[in-house]
Amino acid sequence: MTLFRGTFLDTPENPFTGGALRVATDAALLVEDGLITARGSYADLRDAHPAERVVDLTGGLVLPGFVDTHVHFPQIRAVGGMGMPLLEWLDRYALPEEARMADDTYASGVADEFVRGLAAAGTTSALVFGAHFASAVDILFTAASRVGLRITSGLVVSDRIIRADLLTTPERAYTESLALAARWHGVGRNRYAVTPRFSLSCTDDLLATCHTILEEIPGALFTSHLNENEAEIATVTELFGGSDYVSTYDKHRLVDHRSVLAHNVHPTDVELKLLGDSGATVAHCPTSNAALGSGLFPLTRHLEHGVRVALGSDVGAGTGFSLLKEGLQAYFCQQLMGDRGVALNSAHLLHLATTAGATALGLDDVGELSVGKRFDAQLLRPADGSPLAIGLEHAEDAEDALARAFTLGTPADVRAVWIDGQLVNDVEVG
């Protein structure tokens, strides 16, 4: 057993429905075999467990590990493409990188960069868009297993419109997906996600096959893209005989509590009602939406329809792995919307980056620092004299300190990360 001592911040109660930031100062968590078994003041827990090892995390903030609900493994080397909307960006930056995943040596290098980048940013769990090549998805799961990340991913499938070397058939998608799931789903911390790229690149036959695959893998998730760009939406409507975007998935029974759909910047009220009624989650990816000029995310309308929302980094259209940055950009987005936006505070941002994501991914034992949860956590402890260190020194209270962390924090301020109580980066703490 180990006692972790520090200042712990989390959101076990949803701030969008009346919950507040939970703050425990000079507190301790007792962790046994990766599970939090006691929580209280450091003095009380130390008296109760005088012989246990103490890990001193004072001088910083301890947060739950971040949960990224939308990020692309093959696109880490495509970050930074500027001046293009979605479809042009895909053709010029993202899809050429996706095609390079056919080379296992290249894919291995990208996978190592990818999993290290997630962990360094404080992300302990992620729903990952895999690759169009089964061997590259194998490589991703292998790399994630070495680091210990909680990864849900799968084979990306398309059978029209995008470049020919990325296309598959319904039959091959079925065979390769089930083979990958047999090797990785439920093995260690890995799980499988059925992953059509988007309706734009998938026929009804392929989407029907995706439903078959989903039903044959108990506990699998479903993920894809939704209503990201107006030109994309118009093409989807044309391809599917006037259908709205959500219905292209729903007609194949792909929209339910297992579904995480990225973006949804331009939904109709009918689509929002369907998403809310089904229990699906929208992965809000604010830096990507800004970088591609896709639009401002209508969070108010999602909340009004009861649609679950969490954060995604969307690397490589997004601007990095840090959900601190995504939270800040989500705040900016709502500010820019004026009366149509949601007045977000730091508790909302932490919820979107942790508990909301854990709920979306069906990870009931992570996302907060409560007794009975796994100790997936990160320590933010900035270097002396850094902007964040100065900000924390002058914060009025814990909520203000967290706001400064979202405003000023970067992966350089993440000093240590734990999954199941095990340190997963190279930083040693006291």
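The values are calculated or read from the model by the stated rules, or taken from the named source; none is laboratory data. The structure displayed is predicted, hence computed values, not measured ones. Glycine also receives a Cβ, built like all others from the backbone with ideal geometry; neighbour counts cover every protein chain displayed. Protein only, heavy atoms only, side chains kept; ligands, DNA and RNA dropped before computing areas. Shrake-Rupley method; radii C 1.70, N 1.55, O 1.52, S 1.80 Å.
Some values worked out for this structure:
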| item | result |
| --- | --- |
| Cross-link reach list, lysines versus Lys273, counting only Cα pairs under 21 Å and skipping chain neighbours closer than eight places | Lys251 |
| Accessible area (Å², per residue) of the chain, counting only protein heavy atoms and a probe of 1.4 Å | 36 |
| Farthest toward positive dipole pole in the stretch 179-218 [+1 Lys/Arg, -1 Asp/Glu at C-beta], among Pro218, Cys202, Gly186 | Gly186 |
| For the stretch 5-156: relative contact order, % (alpha-carbon pairs under 8 angstrom, 6 or more apart) | 20 |
| Three principal axis lengths of the stretch 158-240 [C-alpha, angstrom, descending] | 41, 23, 21 |
| Most mobile of Thr281, Thr355, Thr407 in a GNM of the chain (Cα contacts under 10 Å) | Thr407 |
| Surface share of carbon and sulfur [accessible, 1.4 angstrom probe, percent] for the chain | 51 |
| Inter-part distance where the stretch 1-55 and the stretch 312-348 are each reduced to a Cα centre, Å | 28 |
| Mean Cα-pair separation over length for the chain, i.e. relative contact order, pairs under 8 Å, 6 or more apart, % | 20 |
| Overall dimensions of the chain by Cα: Rg and Dmax, Å | 20.9, 69 |
| Whole-angstrom gap from the stretch 98-150 to the stretch 213-261, using each part's C-alpha centre | 24 |
| Percent RCO, i.e. relative contact order, over the stretch 156-295, from Cα pairs under 8 Å lying at least 6 residues apart | 20 |
